[in-house]
Structures are given as structure tokens and as C-alpha cells.
1. Is there a quick way to get the dipole size of region 295-423? I mean about its Cα centre, with the Cβ of Lys and Arg at +1 and of Asp and Glu at -1; what is the value in debye to the nearest 20?
2. Can you order the peptides 434-443, 132-141, 461-470 by their average number of other Cβ atoms within 10 Å per residue, highest first?
3. Mind checking region 251-345 for GluC sites (Glu not before Pro) that DSSP puts in a loop (not H, G, I, E or B) and that have at most 15 other Cβ atoms within 10 Å?
4. Filter the trypsin sites (Lys or Arg not before Pro) in region 231-321 down to the DSSP loop ones having no more than 13 other Cβ atoms within 10 Å, then list what survives.
5. What's the ranking of 582-592, 181-191, 509-519 by average number of surrounding C-beta atoms within 10 Å, highest first?
6. Can you compute the charge dipole magnitude of region 368-490 about its Cα centre, using +1 on each Lys and Arg Cβ and -1 on each Asp and Glu Cβ, nothing else charged? Give it in debye, rounded to the nearest 20.
7. How large is the dipole of region 136-274 about the Cα centre if only Lys and Arg carry +1 and Asp and Glu carry -1, each at its Cβ, rounded to the nearest 20 debye?
8. Select from Ser356, Ile321, Asn342 the residue farthest towards the positive end of the dipole of region 317-359; place +1 on Cβ of Lys and Arg, -1 on Cβ of Asp and Glu, and compute about the Cα centre.
Amino acid sequence: MKNIESHPGIPLVNHLKEVAKNCSRIANGNTTSFGFDKKVKADLLFICGFYHDLGKATSYFQNYLHNPDKPHNSLKNHSLPSAVFVFYVAQQYLKESGLTKDERFLLSVICFIVVRRHHGNLGNFKTELGIEHFKEDLLKQFKSIDKEAIQEIIQVGNEKLEISVDWDNFVNWFENDGFNKETRFELIEFYTLNFQKKWENSKKSEAYYLFLWMFGALLFSDKSDVILAGKFPKIEQLDLKYLTAFREDKGFNKPSTSINNLKNEAYFSVIASLENKFEASIHFYSITLPTGLGKTLTSLGAALKLKELAKLKEGKIIIAIPFTSIIDQNYEVYREVFNDPNNSLLLKHHHLAEPSYKETEDAVRDSEESQYLIETWQSSVVVTTFVQLLECLITNNKTKLLKFSALSNSVIILDEVQQIPHPLWEIIRQAFFSIAEHLNCYIILMSATQPLIFKPEEEITELVENHQHYFSFFNRTRLVNKTKESISLDEFTEVIIEYCLDNHKKDVLIILNTKKTTLETYRNIYRSFENEENEIFYLTTLITPFERKKIIDKIKSEKNGKRQIIVSTQLVEAGVDISVDTVFRALAPLDSIIQAAGRANRYDEKGEVSEVYLYKIEELEKVTGFIYGADLIKKTENVLKDFDTIEEKEYLQLIQRYFEQVKDLSVYSENNYLKSLLALNFEETGNFQLIEDTKSESIFIGLNEKAKKAWSKFIAIKEEEKIDVFEKKKAFASIKAEFYDYVININIPFQEEDIGLPLEPNYGFYYIDIEEQPKPIYNRNADFSANKEGYIFDGIEVLTF
């Protein structure tokens, strides 16, 4: 009998068995049915896994496998012949399933498409059966396969599925037009009848997520066998005892201050509320608490309790956070809770996370395995970004979908959920309804400013009993509304200077909406307060992440008796744990304003109420509408117009009024992604991005020796001729986090082609060595003090501190 291999030295049947075994494990781990019998669901995924590479049995592929350097034609391709056979087997299997003709047809087509595209991305549903142009090649491929060898493989599948599939019968079926243009017409008829006429949105969404689940499960099962060869990490399961022990060790159960007492009360209120309100059918919960009341640990406690109540023994806790700065901050808290755990218990995943998977202190997976285990979320607790989570739910991309099956039976925490843009609320809402039902996920939305993505009380259960009580407790800040009339930026700056002169002991935070006005304001403030009694700080993305971290650390450290004045863009509003006496904020959406207020008197330590002054600045009116959306600014002004001052205890009522108006915007926003999802137009949903791309260029700043070494390593990797592009990508991953500490991104004006530097980019980055660039490239700016220098590169301002 002819020996058939899937990879050099690996029998095809061995690979198929391992992939099918992985598929079965995933299918059995998913406790929901997708609207049909669970055994049918599991068996169909087994069919996809066991036969996904059957096309490798052709003589054309085997010749390619053993002679890869010789010329080969398209007959070596294996996905399409595998998919046609899977379609046939699925139809044979489903004959006795008791399902309707439409259901059998849909499931067979899903199996076909999932296998056809397992080396690429999903295409649009209604065009995927068009294979008429491949009929002749397919028949050549099928007839080149050794009958005896392939039938022996098929027999393994027959025994598992309790059916009788014969290779000769399949080839006869195909040769006699068993899969022809009529099949495609049948698909179009099915699609028109059901997706355009009969089915409700929930049914269409069910089909979409069945596709993603089966596709993701096959991708993960296939790649796991190739990369891990069965060496899966042992995922440690956890429960509430970890957090209970941590809280007791820290003395949180015996608070000594009124605010710590309130934190403790909120924590136990949430746990008790879950015990009282939990039902297996209730999948959506919210935790609404003001800033500074320990939402990080409270939400973790809620997730651990939910795992217990919902009996999600092997389910993950997935904590999604909008900004990497908050991820790094919160991750350190979780590490402490779990006593510096290995990655099988706690994992951090974002684009700059360390690509190293540690199973013990001494056992670290190699780079390829590490990257794969991290990107597929092989851990009990995963701390990740909104981008990683949400772009996995709305996509056709095979790389993003590798982790999709990991969502089954998970508890998902969405921290700072108000950061999701309102035009995406409807599609996010549909996505979460679907994964809650079909992947048995439980979702916790956490915020001080809870958006109305889900209907309160009807669709989502609040876990903080009498949460209004916690907002009314605080009297830390007061909004002072100065937005009823506009003032110039110069007038705004004069107001701040006068305030700082009159209140020379108060720390002040100024937040503006553009880098340009922030820099201009910083300069004017600095000129006015250049003395030993003040420290003036500047924070925007025009300074490198390395320097921003240093500045934030300095702000948070001992002040040595000096007053701090901080001039920043909105980047300071999330993930920056600082507390000042007074905030001056340019007009922005109300949730951003409330976030800004959270940087004042954060721990109620100031001894008096802190003012948060809101101003409408003439030079910023147009650009603010562009940055945030003119509709959101208008809604904010509508809510604020009746107030001159607003006390903190009134913030909750204010934000609820704001989000009621934003909800109207979200419902009536034209959502092409939602339409694409419900139409199974995968190519269109593949364009979904949580954060829209901007036209920009990247500059690497050679600030210090560490930066210069990182740049040298980067160039060495790029210019190494002995390694291929994949090896280069792997090598760069090991220095990526350090490298990007010195990168800034400059937006390119709409009418320009580039940023105008008299330099050529090198592998996508302009490199600027602060010490070695010739004088015409930059001018030191005398407006900065001796230890604070600005650099201007042909009009592009780059700041170093």
C-alpha cells in the first residue's frame, strides 16, 4: 500500500487523527448546540478535522512534498479537493439526522467552506460553491489518489461516525455531476429564501457564529498539531479562594478608612448579589461604581464567582481593557493576587506583550510555541485589549480566529466599556448576544459611566445593589460649566495662569484635545512659572512611551514640596493613576469629562472639593468635532446647558441622560458591518476595525544607548540574509516591546504625501539620533529649560525630556 504523508516523515492518517481529536475536544468543551443536536455538531466538526487534508493524498501533492524545489502546478493544492470530499461525507452523515433539507444543506456547505478556506480567510457565503472551473482539475486529483490507501483512512472515519463512505462511490458521484453548478444555484436559492426573506436576525447571526466557531476550531486543531505536536500546557483551574486569601492578607476585610470601608462594602455587595440573582440563562451583568472604588478586584471576584455558579470548570476569565497602559497596570495587580503565577494561569496579550510563555520559572516554551500559546489564549486568566477581543468576534481572518474557540464557557470582563465607539454598539450588541448563547459566555460590563449597549434591567443585571448610593457618597469633585460661551486659547491660558498664581499650592491638570494646542499651552504656562516652586509637565504622544512612563512616575512620586502643573492631551484620562487639586478640561464628550474628573482628588485626600473647569475653546471647536464626533459634542452640550455647577453625586444622573441620547445615535447609525454579518458577507466583516487606521509615519528616536542598541538589533534582523521573513518576524518579536518604547507616530496632513522630513525611512521608520543629526535637521528650542529640550524636524515637533 502506498505511503501517504501530510508533512515530511509524518503519515497523513496520523495528522488527521490528531486534528480530529483536537476538534472533538473543542466540540465537547462547547456545551451549546447552535440550534441542533450536540452530537451532530461534534460529528460535523470531526468530519472537518479528520478529512481537512485528505487532498494531500493526491500524487501531485505527494510529489510536491518530497520535491519542493522542483516546479509544480496548481494540481498540488489540497484544500479544495478536501472540501469537496467533506461536503460529500457531511451529506452522507446527515441523511439520517432527522434535520430538514435546508438544515442539512446549510451544515454541509459550512463544512465545505470551513475546509476550503482553512489556509486562508473566509469568503462571502453565497459565492463559495462556485467551483465549475475546477471540475477537470479536481477529477484529475481524485483519480491520482491510491484507492486502497485512501479507503483505509476513510474506514477510520466510518467507524467513528457509524456510516459507510466508499472512495469509488465518491469519485463516481463527483464524475456524474454530484457537485455541479446546480449545487451553486441551490445555494443561491437557499440564501435568497432564508437570509433575505424568512430568517430573523438572531438566526442569521447563529449561522455566522457557527461558521466562526467551526472555522476557528479547525484552524486551532490543525495548527496545534503542527506547532505543539500534542504538548498542550496544563491549564491550572482557579476559584475565589485565591482572591479571598489575597484580600485577607492585605487586610482589605478590615478597612481603616471610610473609602476603604466603601470598597469592601462594594466588593461583598457584588458577590452577594451574584449569589442571589444568578441564573444560568442570565448572561449579562454590570458593575457600575465611581472611580477609586476598587473595580479591578471587585470584577475579578465577580468573574471567579460566576465561574463557580455557572459551573464553568474549564472556562477562562477574559479581561478586556481598552488601553495597553491600563493592561500593564492591572496585570501587576493580578500577578500579586495569584502569587506571581505561570502563564497557564495568568497571561497578558497585546501587540507589545512579551512573547514568552512560561510554564514554570525554569520552563519556557520556544519562541514559536510561546507566540502560538499566547495568541490562542492558553491560560485560565487572559488580560487583553478590546481590539484583540472584538476583532476576533467580527472578522473573517484566520489568524484572529485561531483563538475563537477559546471563548467557550468563558467569563468576559469589559473594563471601561464606555470606550467602545457608539456607532459600533449595535454590532457589538449582536456579537455578544450570539457568543453568550452559542459559546455559553457570561459578560460583565464595568464602568463608572455605563453606556446603554444593553437595556438596563431587561437585558443586563446590575450587580452593585443600590449603586446610586456609592455615587452619592462621594463629594470629591465638582464640574464647573464654562461652556455656554466660547473663549480663545489665549484667554483660556490666561485663566489658568491667573488661577495658578492665586492658588500657588494647588496641583493643576490641563487637558486639551490636540497636540498642537497642548504644546502651545505648555510653553505659555512654562514661561509663566519657571521657578523652583513649580514642576511643569507635558504629556502627549509626541514624546516617546519611554519618556511618558518616566514623566508619569515622577508625577506620582514624592513632590519635594513643589506644585505640579501638568499639560496633557486626553491620554491622561485612562490608565494614569494621578490625583490633582484642580482640572481644566477643553470641551469633550461627557464620558471623557467624567474620566478627567477622576484625575482630581481621586482618593478623597485633598480635604476639600476639587473643581473641574470645562471650557469651550474657539480654536478647538472644529477639530474637537472631528476627533470625537460632532454629534457627541452636541449631546454633551445639550446635557450640560442647564447647569452651571454639577456635584459629583449628580454625575450618575448626568451620564445616564447623556447615554440615553447617545443610544439614539447608535440605533440610527448606518452599520454596514452589522449588515455584512447578517448576510454572511465575510469579506466585508473582515474589514472591521475597532480603531480606524490613520495616515501616519513612524519615527524612531535614538534617545539613549538602550534605544540605539534596540535600533541596531532591528536593522541587523532586517538585513540578515540567512533567515526568512517568518524567522525575522520571530526575532523582532523578542525586542518589539523595547523597540516601540522609542517610537512616535506622526499623522500626515490630509493633503500631504508624507511628513516632510529630509530623511529616507529605513524599513518603515525614520531614524533620528538626537545627538548626531546635523544642525539643519533640528533646532533646539530655547523655550524649554536646560533639562527639557524640544526638537523641530522640518516643522514636526518631537519633544524629549
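1. 640 debye
2. Working: 434-443: 22.5, 132-141: 14.9, 461-470: 17.7.
Top to bottom by mean Cβ count within 10 Å: 434-443, 461-470, 132-141.
3. On the way: sites: Glu265, Glu275, Glu279, Glu308, Glu314, Glu332, Glu336; in loops: Glu279, Glu314.
Passing sites in region 251-345 are Glu279, Glu314.
4. Values: sites: Lys231, Lys234, Lys241, Arg247, Lys250, Lys263, Lys277, Lys295, Lys305, Lys307, Lys311, Lys313, Lys316; in loops: Lys231, Lys234, Lys311, Lys313, Lys316.
Those that pass, being in a loop and sparsely packed, are Lys231, Lys234, Lys311, Lys313.
5. On the way: 582-592: 24.8, 181-191: 14.7, 509-519: 22.2.
Descending mean neighbour count gives 582-592, 509-519, 181-191.
6. Details: 9 positive and 15 negative charges, 57 e Å.
Charge dipole of region 368-490: 280 debye, to the nearest 20.
7. Values: 18 positive and 23 negative charges, 245 e Å.
In total the dipole reaches around 1180 debye.
8. About the Cα centre, the residue reaching furthest to the positive side is Ile321.
All of the numbers you see were taken from the coordinates with simple rules; none came from a lab. Only a predicted model underlies this, so the values are computations on that prediction, with no experimental measurement involved. Positions of Cβ are backbone-derived with ideal geometry, glycine not excepted, and every protein chain shown enters the neighbour counts.
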